[in-house]
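Here is the structure we will look at, set down as structure tokens.
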Amino acid sequence: MQISFTEFKPEDKDKLVRFLTSERWEFHSTPQILAEKIDEQIKKGHYSSSDIKTFWICADGSKIGIIRLFDLGDELGSTETPLFDVRITNQMRGKGIGKQAVKWITEYVFTNYPSKNRFEANTRADNITMRRVLEHCGFVKEAHYRRAWPDENGNHYDCAGYCILRSDWVNKTKTPVDFNK
């Protein structure tokens, strides 16, 4: 399936609220987000600011997901390490969209932010699908955080931290982590 990406704009506010409240996002800290909370987040720049960008994932003219890119830094030359959050509708999962989206956002970061040497991702350790997507896209597991990811009921899950280095992205390689140093 061919997908495209469009940057979120403030006038998309109502569409974003509808999109985020129409699904349950199981592997997120808040699986069911209230419209009021999203409104508040939009006003505070949670989806668009000097160091945050959000993109719609589109297929056949429909919005089927979002990617929120954050910790970009307040200036283009910032060396801060960015992270991302991706959400794809239940109906569109399992079709390779996650892989395409992660490859696209990685290329976007390293192409548009020349000072970025690392790009990170965190996911719940039991989110096996996302972990496989990250590995497929060149990310390497760097960390395992025990009981670090809370859910809405106060349960805590392990979290896995992944990264892709600019040099690995450029050279299409994976540099393994030496945990014995």
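Any read-out appearing in this document is the output of simple, stated calculations on the displayed coordinates, not a laboratory observation. In this text, all values refer to a predicted model and were calculated from it rather than measured experimentally. Cβ coordinates were reconstructed from backbone atoms using ideal geometry, including for glycine residues, and neighbour counts include every protein chain displayed.
Here is how the numbers come out for the structure above:
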read-out: A125 long-range amide H proximity, modeled H, under 5 Å; value: D158, C159, A160
read-out: Given K9/K141; K13/K53; K15/K37; K53/K141; K9/K95; K141/K172, the pairs whose alpha carbons are separated by over 22 Å; value: K9/K141; K53/K141; K9/K95
read-out: Residue order, fewest to most beta carbons within 10 Å, for T129, T81; value: T129, T81
read-out: Residue-wise HN-Hα coupling along the range 134-139, computed from phi with Karplus coefficients 6.51, -1.76, 1.60 (Hz; x: Gly, Pro); value: 4, 4, 4, 8, x, 6
read-out: Size of charge dipole - the chain - debye, nearest 20, with Cβ of Lys, Arg +1 and Asp, Glu -1, no other charges; value: 540
read-out: Positive-pole candidate from V17, F84, V102, dipole of the chain, charges at beta carbon; value: V102
read-out: Hz values of 3J(HN,Hα) by residue in the range 102-112 - Karplus curve (6.51, -1.76, 1.60), Gly and Pro given as x; value: 5, 4, 5, 5, 5, 4, 4, 4, 6, 7, 8
read-out: Hz values of 3J(HN,Hα) by residue in the range 118-130 - Karplus curve (6.51, -1.76, 1.60), Gly and Pro given as x; value: 9, 9, 10, 8, 10, 8, 4, 4, 8, 8, 4, 4, 5
